[in-house]
Each structure stands twice: as structure tokens, then as C-alpha cells.
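The values are calculated or read from the model by the stated rules, or taken from the named source; none is laboratory data. What you see is a predicted model; the values in this text were computed from it and never measured. Every residue, glycine among them, receives a Cβ derived from its backbone with ideal geometry; neighbour counts consider all protein chains shown. What goes into the accessible areas is simple: the full protein's heavy atoms, side chains included, and nothing from ligands, DNA or RNA. Shrake-Rupley method; radii C 1.70, N 1.55, O 1.52, S 1.80 Å.
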Amino acid sequence: MAMAKIILGVDPGIADTGYGIIKAEGSRLTCLSYGSIKTDKKLSLADRLETLYIELDKIIKKYKPDLVSIEELFFNKNVRTALIVGQARGVALLTFKKNGLKIVEYTPSQAKAAVSAYGQASKMQVQKMVKLILNLDKLPRPDDAADALALAICGLNSNLCLKK
């Protein structure tokens, strides 16, 4: 029997960073956990980034993923928002690197296509397909957690984590 692989998907943001952890055993996928790391908007940017680091590090220590699949930064019309999300993404990447994890990056449309076969799928379509693929009892919420699970599935589908 093939050894189980654990994949962490991350949809980075400063207010909410979605995460999803899946386990693959052969062709069977299991959702281990998902959710959103929220940071207090009253805190300084540095404190919010530290919160993100601490919480991601806890998730990594608990689930010991073999692979991390993170959303690539996409163009945003609001430059300030893009810069702040880029900083959150940078903290996430550094956290993964410091933990010795293999990292793959995908665009939002690649993650959507991995679960729905359509790169422009709606948030609801992604949630419904993630629920179906992972045999969840309910739609994964919030949206960024569903996106993170889609990123984890995308990372698995790339077969990068299955190669020795």
C-alpha cells in the first residue's frame, strides 16, 4: 500500500488566511482540517504578520505536511492591498521554508480547474466540488478555506508530492 501523503493548501491574506489539510492514501482523499487564520485589524501589520507565522507554524507542527500548495499572488487593482497580501504570502513562504517543506504555487484559476475543470468557476462551484471530492458533510466555509482545500487538491493532482 502506498504511504499516505499530507498536503497543506494555503490561500494567503492579511485579514484571513485560508488553510486546508488533506491526506492522500492511494486514490482515497481525506480532509484532516480546514479553516481560516484571522488577524485583528486593530493590531499593527508586524503583529498581524507574526500572528500568521505563529498559527501556520502550529498547523505545520501538528499535521506534518509533505507538501504545501500556496496561491500565487495575482494582479490586484488596489496596489496597497496587493502589497499587504504579498507580505502575508512572504511570511507564509518563509514559515514553510524554515520547516523544510516542499512548496508548489498555483494561480487561482489553476486551483479552480483542479476541482471543477473550469478555471473561472464561482466560489460556490469550488465549494460544492471540494465538498464532493473530499466527501465532506457540509460546504467548506469560509471561502478562503475552500480555496485552500482546492489548492491542496491541485498540489496533489500535480503528482509532485508523489514523486520520490
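Between 122, 69, 116, 109, the distinction of being free of Cβ contacts under 8 Å to residues at least 60 places away in the same chain, closer than 18 Å to residue 18 by Cβ and in contact with a Gly (Cβ under 9 Å, 6 or more places away or on another chain) belongs to 109 only.
I'd like the full set of residues that are open to solvent by 30 Å² or more (accessible area, probe 1.4 Å) and not in a helix (DSSP H, G or I), limited to the range 94-117. Residues satisfying the conditions are 99, 100, 102, 103, 105, 107, 117.
Candidates in the range 31-62 are the residues that are β-branched (Val, Ile, Thr) and without any contact (Cβ under 8 Å) to a residue 40 or more places away in the chain; of these, the one that is most open to solvent (accessible area, probe 1.4 Å) is 54. The strands (runs of 3 or more DSSP E) found entirely in the range 1-86 that carry 2 or more residues being of a type in the set (Gly, Ala, Ser), under 30 Å from residue 132 (Cα atoms) and out of contact with any Ser or Thr (no Cβ under 6 Å at 6 or more places or on another chain) are 16-25, 28-38.
Take residue 141 and decide whether it is assigned to a helix (DSSP H, G or I), of a type in the set (Lys, Arg) and closer than 16 Å to residue 17 by Cβ. Judged against the criteria, residue 141 is not a match.
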